[in-house]
Each structure stands twice: as structure tokens, then as C-alpha cells.
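To start, the structure itself, in C-alpha cells.
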Amino acid sequence: MRILLKAVRITDVQSSHNNTSKDILISNGTIEAIGTRLNVDDALIVAQPQLHVSQGWVDFKSSLMDPGFDESGGIAKGLDQAALGGFTHIGVLPNDLPASDSRTSIEYKLRMAENHAVCLHPIGAITQKMAGNSLAEMYDMFQAGARFFSDDLSEQRTETTVRALQYTKDFGAKLILSSTFHCGEQPSLVHEGTASLRTGLKGDSDMEERLNIQRAIELAKYVECPLHISGISTQSVLFMIEKAKSEGLQITCDTNLMNLCFNEEATLNFDTRFKTKPVLRTEIDRIALIAALKSGLIDAVVSDHRPSITDTKKTMFDEAAIGSPQLSTVFAALAHYSGLKTDEIVQILSINNRKTFCIDACPIESGNPVDMTLYIPGSHFSWGNTNPQHRELSPFNEVPMLGQVHGILRGHKAILNHVD
């Protein structure tokens with residue numbers, strides 16, 4: 001199939017056509033031509049006012065809960081939500097049932113996603129059953145296609161993490177360590193401060209995050225290998241990361257969408273849609289995270305997409321599941337809440353996230369493979385064919401937002417969304 005994009009604004013700092021309006025002809029999964037007033041008889045014409053195109057967007061922290069939690073939607077529906085949100089690549093956490101800690105579990109995910117327009121990148125578990133003790137079959141998973149490994153919010157013993165870093169260093173994989181953990185019989189639920197005082201819920205100080213970040217830095221220094229830290233949420237750790245990077249340590253980090261959009265006040269009415277890990281911090285922390293993202297100190301943004309069923313969220317705050325569905329709303333939410341300019345958001349999602357998570361760049365140039373996101377910055381966000389349950393549980397479902405994704409194109413596959 002041939003596709004002709006008419007008069008699209010190219011937003012790609014790696015392209016010679018950046019910030020220009022061009023026609024783009026796509027044929028057999030490749031950009032055949034870029035020019036003005038291109039005319040082709042046998043092509044599908046895509047034309048919308050104010051339509052923009054960039055390299056395909058990347059998210060690298062999504063839970064699809066497949067296998068084990070079919071009621072949450074599974075891989076196929078999760079990839080559909082990713083496409084609706086403009087993502088052509090997503091990294092999928094191993095927190096399934098059973099956990100993705102073996103070669104067969106990685107092969108299963110890749111097989112389930114092989115015909116979709118969104119490329120699924122399976123993240124393998126570091127330890128067996130994500131229990132934090134014995135190492136999982138990491139090299140077997142690497143051979144099957146996993147390049148990153150994480151135990152998500154589960155804690156590992158230090159000696160186990162050291163062994164994992166030493167092991168993956170030998171074959172070129174990378175560990176993702178969490179900035180915080182969800183453990184214990186009475187886990188912390190809200191930020192220790194205004195939120196904990198006014199709700200009476202157990203507070204989470206930033207001390208745990210500082211200790212975890214310092215531990216990660218010391219591990220990277222000891223093993224002399226790269227690692228990634230996920231879920232930076234507080235201003236107090238930023239100087240530690242800056243110092244580590246200035247010393248030449250190969251450390252990258254990300255922050256979750258919710259920590260860029262909301263502060264602890266969102267939890268004061270016990271709305272479980274705002275129960276997150278890490279917890280929502282102060283407004284000072286939120287602003288500092290945005291500044292660190294703009295400066296490049298924080299390398300990437302992740303959705304932390306965690307689909308749930310209504311029963312696990314429509315309950316008491318301390319009993320509710322962590323997180324909420326996010327994949328379809330990342331772009332519009334950042335545009336509405338973060339104060340970042342549209343081009344800054346697009347560069348983070350398309351360029352910075354690719355670099356951070358080792359996904360090949362795919363500049364919009366003639367002869368290059370197709371890997372694109374189509375979007376309309378000033379158009380009202382549309383829920384489109386979003387899962388009704390996801391919409392109900394989304395923290396953004398009551399707020400009109402600007403920034404609509406028109407579709408994605410990757411290789412021979414295309415998903416074009418309805419535009420209001």
C-alpha cells in the first residue's frame with residue numbers, strides 16, 4: 001500500500017526537513033519521496049489541517065498484565081491503546097502472572113505482538129518470580145529478544161543486584177532499577193507532608209528514594225556498567241544524579257507521567273485514580289522534575305501505564321490497586337499540565353526516549369524506513385475507541401485537553417484514528 005501525507009509539518013530535529021511543511025510519499029514501508037505538491041494516483045491520501053509528523057513515539061514502562069490478568073485487556077488491547085496514544089514502540093514490564101522470567105515468556109509476548117503496528121519490547125525479570133533472590137534466566141531471555149531487565153516495584157537484595165549487573169554486562173543488556181519499592185504489610189500510600197497529615201494515610205518521605213538512588217549510583221560505580229533508574233519523583237535526588245553523570249557514570253533515568261502532571265493535593269479526597277508509586281509529591285518537586293526534563297538531566301518520560309479493573313480501583317484508598325491506564329493520554333496530558341511546549345514534548349517522546357532505551361533513530365528522510373507518529377497539536381483530545389473501563393479509571397477523563405493523535409505508521413503497518 002502507498003500512502004501520501006499531504007502538507008504535513010515535520011517535527012524531527014534529526015531530519016533535514018525539520019520545521020517544514022511537505023508532502024511525504026510512503027511505499028512498501030519506506031519513505032519514497034518528500035517534496036511539495038506530490039501527486040500519486042494509487043496512494044491513500046491522508047490530509048488534515050495542522051497535521052504534524054514526527055519519528056514514532058516511545059514509551060518504556062507499561063504493564064499489559066498478560067498472561068495472568070485477562071480482565072485488564074491483554075497484549076492486543078494494550079497495543080491498541082498505545083497506537084491510540086501515538087506510540088510505535090513500548091517497553092512492557094514483566095509483572096505478569098507468572099512473571100516474565102523465562103525465555104518462553106519473552107517469546108510469548110513477541111509472538112502475540114508480531115502482527116501489530118506497535119513494536120513490543122519485552123522487559124525481562126531480573127529475579128525468578130520477581131522475588132528478589134535467585135537470578136532469572138536472563139541470558140536466555142536476552143537471546144529471545146529482551147534487552148532490558150527489571151523487577152518493577154519489587155526489591156532485590158544488594159548482592160543479587162550486583163550479580164545481575166555483572167552478568168548482564170557480559171552480554172550487553174541493561175538493568176532498570178526502581179526509585180522506590182512497594183513492599184511490606186503496610187506500604188506508604190501518599191507523600192509524607194500535607195497529604196499524610198490531612199488524610200491520615202501512611203506517608204512516604206523522600207528519604208527512601210534518596211537511599212535507593214544512592215544505592216543505584218554506588219552499584220553502577222562498583223560494577224562499572226550502565227544502568228537505568230525509573231520513576232524519579234523528588235527534587236532532592238536530582239543533585240545526586242547530576243553529580244553521578246558529571247563523574248562519568250553511565251546512568252540514565254526517567255520520570256513518570258503522573259509526577260509531571262499532579263502533586264500531592266490530588267490525593268486529599270482519597271481518589272484512587274491518583275494512587276501511584278512513587279507517590280505524588282509536592283508542587284515544588286513537580287516543577288523541579290519538569291525543569292530537569294527540559295535541561296536533559298532527566299533523560300526520558302514514561303507512562304507507567306497500569307490497567308486495572310473497576311473493582312480494584314472503586315474501593316478504599318489503602319486497598320486499591322496502584323496506577324491507572326495512561327497510554328492513550330500521555331501527549332495530551334503533558335500538553336495540558338506540564339507547561340512544556342508541544343515541540344519539546346514531541347522531542348522527548350520521539351528522540352530522547354529512543355536514545356535512552358536504545359531504539360534506533362529513524363529520521364524522516366527519503367529512503368528511510370517508516371516509523372512515524374501523526375498528531376494535531378491544537379485539536380481537542382479524543383478518547384476515540386478507548387476501552388470504556390480505561391476511560392472511567394483515567395485521572396484525565398474529566399478534563400478537556402488539547403493534543404490529538406491522528407495515527408501511527410511503522411513499516412508496512414498503519415493505524416489511523418478518527419479525528420473530530
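Residue count for segment 303-337, restricted to those that are assigned to a helix (DSSP H, G or I) and surrounded by fewer than 24 Cβ atoms within 10 Å (Cβ to Cβ): 10. In the set SER154, SER178, only one residue is modelled with pLDDT under 95 and hydroxyl-bearing (Ser, Thr, Tyr); that residue is SER154. Scanning segment 389-406 for residues that are in a helix (DSSP H, G or I) and either within 18 Å of LEU334 (Cβ to Cβ) or under 19 Å from the mean Cα position of the chain (by Cα) (or both) turns up HIS390, ARG391, LEU393. Might you check whether a residue that is of a type in the set (Phe, Trp, Tyr) and closer than 24 Å to GLN143 by Cβ occurs anywhere in segment 50-72? Yes: one or more hits. Candidates are the residues of segment 361-383 that are of a type in the set (S, T, N, Q) and within 19 Å of VAL399 (Cα to Cα); the one that is modelled with the lowest pLDDT is SER382. For segment 114-132, the set of residues classified as in a strand (DSSP E or B) and either of a type outside the set (A, V, I, L, M, F, W, C) or more than 23 Å from GLY411 (Cα to Cα) (or both) consists of HIS121, PRO122, GLY124, THR127, listed by residue number. Counting only strands (runs of 3 or more DSSP E) wholly contained in segment 138-231, the ones carrying 3 or more residues that are out of contact with any Gly (no Cβ under 9 Å at 6 or more places or on another chain) occupy 174-178, 227-230. Could you list, in sequence order, the residues of segment 254-266 that are in contact (Cβ under 8 Å) with a residue 60 or more places away in the chain and either part of a helix (DSSP H, G or I) or within 14 Å of the chain's Cα centre (by Cα) (or both)? Hits for segment 254-266 are ASP254, ASN256, LEU257, MET258, LEU260, CYS261, GLU264, GLU265, ALA266. SER236 falls short on exactly one of the conditions (1) part of a loop (DSSP other than H, G, I, E, B); (2) small (Gly, Ala, Ser); (3) over 26 Å from LEU79 (Cα atoms), and that condition is (1).
The sole residue among GLN143, GLN156, GLN128 that is touching a Leu at 6+ places or on another chain (Cβ under 8 Å) and surrounded by fewer than 24 Cβ atoms within 10 Å (Cβ to Cβ) is GLN128.
In this structure, does THR386 turn out to be within 16 Å of the chain's Cα centre (by Cα), buried (at least 18 other Cβ atoms within 10 Å of the Cβ) and of a type in the set (Val, Ile, Thr)? No: the conditions fail for THR386.
Filtering segment 124-132 for residues that are in contact with a helix residue (DSSP H, G or I) (Cβ under 7 Å, 6 or more places away or on another chain), within 11 Å of VAL92 (Cβ to Cβ), of a type outside the set (D, E, K, R) and at pLDDT 95 or above leaves a non-empty set. Out of LEU84, LEU97, LEU93, LEU79, one residue alone is in contact (Cβ under 8 Å) with a residue 60 or more places away in the chain and within 27 Å of THR312 (Cα to Cα). It is LEU84. Filter segment 385-413 down to residues that are over 10 Å from LEU84 (Cβ atoms), among the hydrophobic types (A, V, I, L, M, F, W, C) and at pLDDT 95 or above, then give me how many there are. Here the count works out to 1.
The values are calculated or read from the model by the stated rules, or taken from the named source; none is laboratory data. Please read all numbers here as calculations on a predicted model, not as lab measurements. Backbone-built Cβ (ideal geometry, glycine too); neighbour counts: all protein chains shown.
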